[in-house]
Structures are given as C-alpha cells and as structure tokens.
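Taking it in order: structure first as structure tokens, then the write-up.
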Amino acid sequence: MDHFPVLLSIQNVMTTFGSAMSTLLINQPKYAWLKELGLSEDNDGVYNGNWGGKGEVITSYCPANNEPIARVRQATMAEYEETVQKSRDAWKVWADIPAPKRGEIVRQIGDALRKKIKVLGSLVSLEMGKIYVEGVGEVQEYVDVCDYAVGLSRMIGGPVLPSERPGHALIEMWNPVGLVGIITAFNFPVAVYGWNNAIALICGNVCLWKGAPTTPLTSVAVTKIVAEVLEQNNLPGAICSMTCGGADIGTAMSKDERVDLVSFTGSTQVGKMVAMMVQERFGRNLLELGGNNAIIVFEDADLNLVVPSAVFASVGTAGQRCTTTRRLMLHGSIHDVVVERVAKAYKQVRIGDPWDPSTMYGPLHTKQAVDQYLAAIEQAKQQGGTVVCGGKVMERPGNYVEPTIITGLAHDAPIVHTETFVPILYVLKFQTEEEAFAWNNEVKQGLSSSIFTKDMGRVFRWLGPKGSDCGIVNVNIPTSGAEIGGAFGGEKHTGGGRESGSDSWKQYMRRSTCTINYSKDLPLAQGIKFE
C-alpha cells in the first residue's frame, strides 16, 4: 500500500533513555488521554501472552511539532524467536475452535475498539499526523472489518462439485494456513492491521504483527485492546502477538519458514525484497504496495463532482495514501477551467494541527518526506513543469509543506512515473479516450484509477479488458476512499494482493480438493480401465 522502509533504518526516530522525561508529550496535561490507552513514558514493544521488550529503545515523535511523545522498547531476535514459538503453540488451540466461535471473539475485538475509537483515533492523529477525523475513520475501518468477519465466520467454505464417477463426492475444503505475519505501514497504522487481523482470525490463523517503526505507540495501544479480549476469554495472548522492530524483525519474518503467510504493506522497492525472501522458501506473500493513481476527466464530466474529488484524493492524508491521486488527466477542452477551480479549492484547504477537528490537512510524517517533496518539485521543474499552486515548505513547527499542483509535464516525464509519497498533483492534458486510457496504464503500478464521464459506452470500455489495468476501477468518484466490502489491492508493481472484502479471505487459507468414494466400486477418472 504505502512507503514503509521495513528493511531500512530510520535515523530520526532513534534515541536513548537519556531524553529528559519532562520533554515527553505524554507527561504534559494536554496529552494525559494517552494513558487511557495504557501507554506510559516507556512501553513494552513485545506481546506474546506476556509483555516484554529488551531491544533498542525508540522514541516516537509527533509530526506536527517534531516533539517526542513516548518511548518503546523493541524486540530482540531472541524475543522474536520466543514469540514465533508461542504463536505456533497458540495456533493449536485457536484452530480447534469452530469458525463461528472465532467470529464471536472478533466481534468482541470490534466492540472493544468501539469503546476506544475516539482516543485511539487521536493517537493515530498525534503519531502519524493525519487529521483527527481520518484517524477515527481508520479505527472505524477495523471495527467495520470485524463486523464483516463475524458474518464471514459462518459463510466461508468450498463447493460440493459434481463428480464424474458414480458413488463419489467431490468437495473443496478450506483450512487455515497457520501463522500470518503482518507488516504494516506508517500511513494506516490501525486499519491495515485490522483488515488482515480480523479476516485471518476467523479463517483460523494466528497473527504476528510488526508495525512501522515510526508509529510504535499505535501498535502497542491496539495490541493492548486486542490482548484484553483474548485474556478475558481465557485464550492464549499469542493468538495476536506483536514484535516492534526494524530491519532485523522484518527480514526474520520474511525468511522464517514457520511464518506461513507474510502480508506486507509498503513501498514497491521493499515489497520486492520481501517477496523474493518469501518466495525463496516457497512461502506465501500478500503484497499491498505503491500506487501512481490517475483521475481522468472527460469533456462531458460533471465538474461539481470532479473538483472536490480531485482535491480530496490528492490532498487527503497530505498525499500519503497508496490510493492518493497523483495524476489528474484533463481533456484539452476543460483543462484550463478545471486547473483554475482545483487551484482555487487548494487555497481554501484548512491547514493546521491534525488533532484540531477543523483541520483538513496536516503534516507529512517525517522530515525525510519533506526532503522528498522538495526534490520532486525541483525535478518536475527541470522536466518542464510549472508550479501552479504550492511548492514550498511552510514556516511553522512540524513537517508541513504546501499542497502542490504542477502543470505542463509530458505524460511520460520521469517524475510523473515516480510515486513520490507527498501532496504533489501532476496535471496532464489529453485529447482522446485511447490516449487517456493508455496513459493511465503506462505506469508500473496498478492500484486505483477513476474516470469522470456521463458516456455509458465509455464507462463500460473503462471497466473492460482494454480499459483500466488497476485493481480498483472507479467511475465518477475519486481514487481513494475504498469500502471494506470489496477486495482491496492492485496489479503489476502494486503486488497483486487482495485484502478485506469479497473473497480476499481465500488468501489466508489453503485449499484442498477432496474426492470421497462412498461406493463399493473403484471407477477411475476419465473412464480409464486398469485391470
């Protein structure tokens, strides 16, 4: 889904216990609510039925002011080893529980999240930097997927197929893969874990979570909520275990034959490395990687839908969604008027502290992202682009940059084909449908895409074999804001994985084709005689 350097060190989050306690936000009265989530100055970053953490100490920083929030003790490799073993043992208990009973546990997890939705959403806002309503909305996604999974726990199964042999039954059996390793990204530190966790659990799997190194407090807080539900039901806590860490833990999970499925959300670059390590041992992977998503606006489009859609999809989460609109393709006849209207709307976006309910746009997550923003704008200018709106770092505490619109670039300019995880929108001018569809598909990623038109023939060409090659293909809505009921994921360099709704549950299970002979004869398939 998004940029998460699991195998790369992140220098600006590393610190030691030497930081003065008084400087931590958690000790300030304004942030006393953090303790409602069970957080303290120093937090254990390992859970496997017991809490621990003897590894490197990291400090989590608030992107809105770059002040330290609290610290987390990460997992050592010995603790990782212990956690995997405990998870495997917990699976023996969990797999014996009937699926609807597993669904009841997931229902309780959803209810527990509901009770903490506002305070947990506030933590997401504080630690990741997204605005408060998006933070709460992200927790709501986990809740919604729990509700979905509860129903699914009574529905998963395979068909009874017609056998060609008399006295035989042909059925499909679906069983859990075992241990699901979940590596999530900074930009959705709750929802992505939730999509995987809720579905994996009802399928009969246990989960081992490694969250992003820059959002460890969210990982700890969510795990505390889930662990309490497991403990109240006298179930092994290692059913939902957690090891906070960096490159060492991510690499270990990818190479570990005991981790039956590795679900990785992050950059295409790191996803490729994860996939190769998992494939080398013939393991399973579920990849949710980058997106270079386009909105295509035709001459007959309703511009009253186009403008807010383009603004929401390109500015939301400060451009740090995998489904963010990065390319806005406009028909030549409406190009100038749409650019003018979108630029005007950009100037009305309320920028400020992400936990202020009136804010629409917060900071970037890290200082490195600010550097990437500046570098991309410079490259765009060198390649012929014109900055219509934004383009500067904002002079205020935190990692704030102006949402930016750039016109005049060629559709195949190198920077246009680069997914920079920042709020920069490249506006391209096209003349024909074939041209627009081709431009949509020419980038390496294939996550989300959208057209705005009233032409029904064009709609079905867009949805058809010569239309969009993405996993998400929209009409008259933005590229972001996917619902949990559909399968989420993309093609090509986006990784091919699918999470959440539809039949995504199949990725967390193994299929067996079973033939049962209930007759007294032994007829062979294809009418073969062997006498």
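The values are calculated or read from the model by the stated rules, or taken from the named source; none is laboratory data. Computed from a predicted structure; not experimentally measured. Every residue, glycine among them, receives a Cβ derived from its backbone with ideal geometry; neighbour counts consider all protein chains shown. All accessible areas refer to the heavy atoms of the entire protein, side chains included, with ligands and DNA or RNA removed. Shrake-Rupley method; radii C 1.70, N 1.55, O 1.52, S 1.80 Å.
Reducing segment 128-204 and segment 407-441 to their Cα centroids gives an inter-centroid distance of 34 Å. Inter-label distance, residue 33 to residue 455: 4.9 nm, where each label sits 7 Å from its Cα along the C-beta direction.
A probe of 1.4 angstrom, applied to the heavy atoms of all protein chains, finds residue 521 with accessible area near 110 square angstrom. In sequence order, what are the phi-derived ³J(HN,Hα) couplings for segment 421-436 according to the Karplus relation 6.51 cos²θ - 1.76 cosθ + 1.60 with θ = phi - 60°, rounded to whole Hz, with x for glycine and proline? Once θ is set to phi - 60°, the couplings for segment 421-436 become 7, 9, x, 10, 10, 9, 9, 10, 10, 10, 10, 10, 4, 4, 4, 5 Hz.
What the phi angles of segment 228-235 give under the Karplus curve with 6.51, -1.76 and 1.60, with θ = phi - 60°, is a coupling list of 4, 5, 4, 5, 5, 9, 6, 10 Hz, glycine and proline written as x.
Is the shape of segment 348-393 rounded, prolate or oblate, going by the alpha carbon gyration tensor and its root eigenvalues a ≥ b ≥ c, with a/c under 1.5 for rounded and a/b larger than b/c for prolate?
oblate
Among the GluC sites (Glu not before Pro) in segment 390-446, those placed in a DSSP loop whose Cβ has at most 15 other Cβ atoms within 10 Å are 395, 442.
Applying a threshold of 22 Å to the alpha-carbon distances of 118/367; 347/392; 381/429 flags 118/367 as lying beyond it. The overall shape of the chain, judged from the alpha-carbon gyration tensor, is oblate: a/c is not under 1.5, and a/b is no greater than b/c. Taking every alpha-carbon pair under 8 Å whose residues sit at least 6 apart, the chain reaches a relative contact order of 18 percent.
Can you give me the % of accessible surface on the chain that is carbon or sulfur? Probe 1.4 Å, all protein chains present, nothing else counted.
Roughly 53 percent, rounded to a whole number.
Would you list which lysines come within 23 Å of residue 116, measuring only between C-alpha atoms, while excluding same-chain residues fewer than 8 positions from it? Cα-Cα hits under 23 Å: 30, 35, 130, 210, 224.
Taken about its Cα centre, the chain carries a charge dipole of about 380 debye when Lys and Arg each add +1 at the Cβ and Asp and Glu each add -1 at the Cβ. Close amide-amide hydrogen proximity is noted between residue 61 and 69, each under 5 Å apart and 5 or more residues distant or on a separate chain (H modeled in the peptide plane; Pro and chain starts excluded). Each of 166, 185, 137 was placed along the dipole of segment 120-228 (beta-carbon charges, centred on the mean Cα), and the one lying farthest toward the positive end is 166. Annotation for segment 333-397: trypsin sites (Lys or Arg not before Pro) lying in DSSP loop with at most 16 further Cβ atoms inside 10 Å of their Cβ are 347, 350, 392.
Cross-link partners for residue 101 among the lysines, with Cα-Cα distance under 18 Å and sequence neighbours closer than 8 places in the same chain left out: 92.
In segment 484-531, which chymotrypsin sites (Phe, Trp or Tyr not before Pro) are in a loop and have at most 15 other Cβ atoms within 10 Å, using DSSP for the loop call?
Of the chymotrypsin sites (Phe, Trp or Tyr not before Pro), the ones in loops of segment 484-531 whose Cβ has at most 15 other Cβ atoms within 10 Å are 518, 530.
With both residues required to sit in segment 133-259, DSSP beta bridges show an antiparallel share near 20%.
Model label points for residue 97 and residue 115, set 7 angstrom from Cα along the Cα-to-Cβ axis, are 1.7 nm apart. Here the 3J(HN,Hα) profile of segment 517-531, calculated from phi with Karplus coefficients 6.51, -1.76 and 1.60 at θ = phi - 60°, is 9, 10, 9, 9, 10, 10, x, 9, 5, 6, x, 5, 9, 9, 10 Hz, Gly and Pro shown as x.
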